[in-house]
Each structure stands twice: as structure tokens, then as C-alpha cells.
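Structure first, commentary second.
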Amino acid sequence: MEKNTLIQKSLLSVVCFIIIIAALKASVAIVVPFLLSIFIAFICHSPLSWLKKRGFNTHTAVTTIVAAVVGISFAIAGVVGKSIDSFTLALPGYQEKILQSTHNIIDYISIYDINVSLDFITAYLDPTFFMLLVSNTLTGFGGALTDFVLILFTVIFILSESSEFTKKIEKIFINSNSTLENYKIFFENVNKYLAIKTVLSLLTATLVALLLLFFNVDYPLLWALIAFLFNYIPNIGSILAALPVLLLVSVTHTFIELTLILVGYIVINVSVGNIIEPKYMGRKLDLSSLVVFVSLIFWGWVLGPVGMLLSIPLTMIVKIAAENDNKTKWISILLGASNRP
């Protein structure tokens, strides 16, 4: 009897999960802007708290933060927007050059009796895949930002209600000190994670922009934006951000310059990701590489390109929430890197 009950509960959980995913996929137009709003609000919470500690009231602090968000958004749209349009128009030309370079490599290695079919490579190992990934990601991200007004107002309301929401949580769990403490720890850890990750992503983007400007690579600010966005993806994000740049450089620069840019990317990402980040964030927040990969594919399928960018922060939030409760700590262990204590 207990076995049948367990099977029924498991089947019910699977059915509920499928229904929830189907509902998310069907309501992408609403869900994606809302998730972006929550993501931006979490990032803004730390500077909002800082302003309040300096004597700003809630309305003044929220107005200041929102003004900064609007200013940054317009700056990105103005500076990077032209690069995105120009890159999208130039993409077919770059793809053709990359395929031509691939053809030249195949011709060269054929001298040594190594026969590789160009049709096979373009069909199964398309060298332009990462260029298309960047284009599709930027297009999807730009499409989500068309709801900028909706996102902005949602962020304003979330930030305005954040202090009241905390008070409501305290009233709900007034008789459960452990639950209230777990909520506070969870909220603090999420804020810490997103604040540090955002600052480090900005640092990575700045260093990438300077590197590419030095070597006169096309669209340096565009690649800096890609580095910023993909830096939220641990383990493989830096690789995904670097590959399209290296493909572009391979057809526009010399081999020596390509090598130096590759070394520059490695130095930047190792310095920021392996030295600076663990120092301020702590290694306990690491995710399993398999979890990262599966999250990218799954949320990319459910929510599109923006889902890929938000998948890791969302998964990390789930991990932080799970590790604060002994009943769900096993979820945090499963999501975490196996080589971490």
C-alpha cells in the first residue's frame, strides 16, 4: 500500500512538473520580462540598501536607482545597439570567410592524406555555430527589452515593496525563528551572490573591451557585452563568450594576434573566475558543470535565449535556498560541484 502511494505521488509530481513547464513555455512573453524584472531588482537591492544606510528615504533611493538603471540601459542601447545591427548585417560575410578558412584547412591537411568532407563539417560541426549563437542571443535579449517600460515599472514596484515584504515574512514566521533565520540567510546570500557576480562580470567586460580595442578587433563593445552576460554562466560561460571572438579574429587578424587574444582571454577569465571570485564569493556556491550544461539547454528551450542567460542565476538561487534547510540540503548537494567540500 505504501509502495502504491509512493508511486502515485511520484507520478503526480511528474505530471505537475510537465504542466508547469508547458505553462511557462506557453507564457514566455509574460514570464521572461517578469524574470528579468526580478533579476534586475535583486541586483539593485544592494545599492538600494547602501543608499538607505546613507540617510536616503525609500522613494528617493528607489528613484535614484531607477534613474541609474534607465541611464545605463540607454547608454547600452546607444553604444552597443549600432554594433548589434552592424554585426547582424555583417554576419553572412563573416560566416562565408570562416567557411572559406575551413575549406583552406581541409585542403592543407589533405596533402598529408587526411581526408575530411567540408559537407560533413558544415552539417555536423558547423564552425559558424557560435556566431549564430551570439546573434540569436542578442536578438532574443533585445526582443525581451522591447518590454522595457513593463520591466522598469515592475522593478520599481519590487524595490518599493522590498522592505514591506520583509516585514510580512517576519510576521508570517513570527513563531518560527529557524524559518525566519533561514529566509534572512537565503536573502542575504542571494544578494551577495548577484552583487559580486555583477561587479565581476563588469570587470571582465571592461578588461575584454580593453583587450579587443588594443588589437583593433571589430565590435569590441559588443563582445564586452557578451562577456558581461555570459559571465553569469559558470564554467562554460567564458568559453561561449570567447569562441565567436576567436572565430572572427581568425579571419580578420594574423595567427600571432589570434594567439595573443586567446592568451588574453585565458588570463582575464582565470584571474577573475579562479582567483578574485572565490576570494569574495566562496567556493561553496559552485555548481556542477553537468547542472550548468543541462540548465542552459533546458531553460533555453523553455524560455529562449534569455532563458539561457537567466538559467544559472535562477539555478543558483534554488541551490542557495536548498542549502539553508536540512530537509532540502540534498538538492544543494546534487546541484553543487562534486569536488567541493
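Extending 7 Å from Cα along the Cβ direction at LEU260 and again at ILE276 yields two label points whose distance is 2.2 nm. Spin-label pair PHE214-LYS192: with each label point 7 Å from Cα along the Cα-Cβ axis, the two points sit 3.4 nm from one another. You can think of it this way: the chain between ALA22 and SER73 has 15.2 nm of extra reach, that is 0.36 nm per residue less the Cα-Cα gap. Residue pairs exceeding 19 angstrom between C-alpha atoms, taken from LYS192/LYS279; LYS279/LYS329; LYS25/LYS327; LYS192/LYS319; LYS53/LYS192; LYS197/LYS319: LYS279/LYS329; LYS25/LYS327.
The numbers here are math on the coordinates, done by the rules we state, and not lab data. Computed from a predicted model, the values in this text were never measured in an experiment. Positions of Cβ are backbone-derived with ideal geometry, glycine not excepted, and every protein chain shown enters the neighbour counts.
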